[in-house]
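A quick write-up on the structure given underneath.
Every number here is computed from the coordinates shown, using simple stated rules; none is lab data. All values reported here derive from a predicted model rather than from experimental measurement. In this analysis, Cβ positions are derived from the backbone assuming ideal geometry, glycine residues included, and neighbour counts consider all displayed protein chains.
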Ligand code: NAD
């Protein structure tokens, strides 16, 4: 039995993408071109291929131009750097994204740092991370920005609330904590070395799980009435050999005590792709001196 209100990321993503599509149609006639996103993929990791396809389909749906490039596993660092340098110069491209993870012989951090900060669709460049840290306007990492959109759309009051973020990665944990702080939450970061995770999570009015451990957060770790945002995406196989996606939160258990909860799939995931489109449009509008929020 679920008593929590479900925060439907799929529906919000659909609404936001439809609105982006309408605005792109207007801008195309105004500025003579649509925003463009280049997704670079290396090798043939099936999960990465699925994510890239998803992003390309989202581009197509909203009328954004897609400049995807697919490289063999044997590609060198220098070849990728050259491809990024060309995209940095290409006026049709507003956003560049390198699909991670990369094969071992490549230095992902060095590569991400060669993306021009104004085209950093993933918001992971140190320049944009620095802006986030300083509370300045800039490109924000997609998943954390998606989490904030979900909270806003569900009318969750963040200011003054205690927010606990489990996970301290550059991709999710750290930037989402900074965004919550900017929204005036009292933020606690929990991680693999936190001594009493349950006591920490039970203090949360807003609990964000970004760990990568299937159903780590159980019902007894959630304060009654808390808002639970599950960022985790984990594939598990049950005893009958059927595989399915689950989050970092035991949805069945937690939804009996939480006031609001995001499902997996259909919660944060669709928002990540949507915020990637949002960032690309944001950069495009900036180049034309048009505001976009
Ligand atoms: P990561 O492995 O880089 O970081 C995991 C974090 O969890 C670490 O900081 C670690 O300290 C913490 N941690 C590990 N074990 C813990 C434990 N037992 N107790 C408390 N903390 C613990 O992972 P990531 O890139 O931040 O991703 C986290 C999860 O979010 C993954 O499941 C990933 O697939 C998912 N993810 C989803 C989206 C999306 O769009 N929904 C986007 C990015 C990542």
Directionally averaged shadow of the chain, computed from the convex hull of its alpha-carbon atoms, nm²:
15.9
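Per DSSP H run of at least 4 residues, take -39500 (n - 2.57); add these up for the chain, divide by its residues and hand me the 222 nm value, nearest 500 deg cm²/dmol.
-12500 deg cm²/dmol
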I need 116, 105 ordered by Cβ neighbour count within 10 Å, fewest first.
105, 116
Bins of 10 Å, starting at 0 and running to the largest distance - Cα pair percent for the stretch 246-292
24, 31, 21, 18, 7
So what is the relative contact order for the chain, in percent, with contacts set as C-alpha pairs under 8 Å and at least six apart?
21
Per principal axis, largest first, the Cα atoms of the stretch 142-268 extend in Å by 46, 29, 27
What does DSSP give for the stretch 162-267 in terms of the percent of beta bridges that are antiparallel, rounded to the nearest 5?
20
Compare the peptides 245-257, 221-233 by average per-residue count of other Cβ atoms within 10 angstrom and give them in order, highest first.
221-233, 245-257
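Can you tell me the relative contact order of the stretch 142-268? Whole percent, Cα pairs under 8 Å, sequence separation 6 or more. Mind dumping the intermediate values first?
On the way: 274 pairs, mean separation 27.7, N = 127.
Relative contact order comes out at 22 percent.
Provide, as a two-decimal number, the C-alpha radius of gyration of the stretch 18-59 over 2.2 N^0.38 Å, N being how many residues it has.
Scaled against compact globular proteins, the figure is 1.50.
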Between helix 142-153 and the chain: long-axis angle, C-alpha atoms, 0 to 90°, nearest 10:
60
Helix 46-62: inclination vs the chain longest Cα principal axis, degrees, rounded to 10, gives 70
Assertion target for 259, 203, ordered by fewest C-beta neighbours within 10 angstrom first, is 203, 259
q = 0.19, 0.23, 0.25 Å⁻¹, the stretch 6-78: log10 I(q)/I(0) [Debye, one scatterer per Cα]:
-0.85, -1.01, -1.09
Fraction of antiparallel bridges per DSSP, the chain only, in percent to nearest 5:
10
By Cβ neighbour count within 10 Å, fewest first, 59, 285 rank 285, 59
Normalised by the empirical 2.2 N^0.38 Å for globular proteins, what value does the Cα Rg of the stretch 1-127 take?
1.20
Given points 7 Å out from each Cα along the Cα-Cβ axis, report the residue 10 to residue 237 separation in nanometres with one decimal.
2.5
Could you work out the relative contact order of the stretch 76-235, using alpha carbon pairs under 8 angstrom and six or more residues apart, expressed as a whole percent?
15
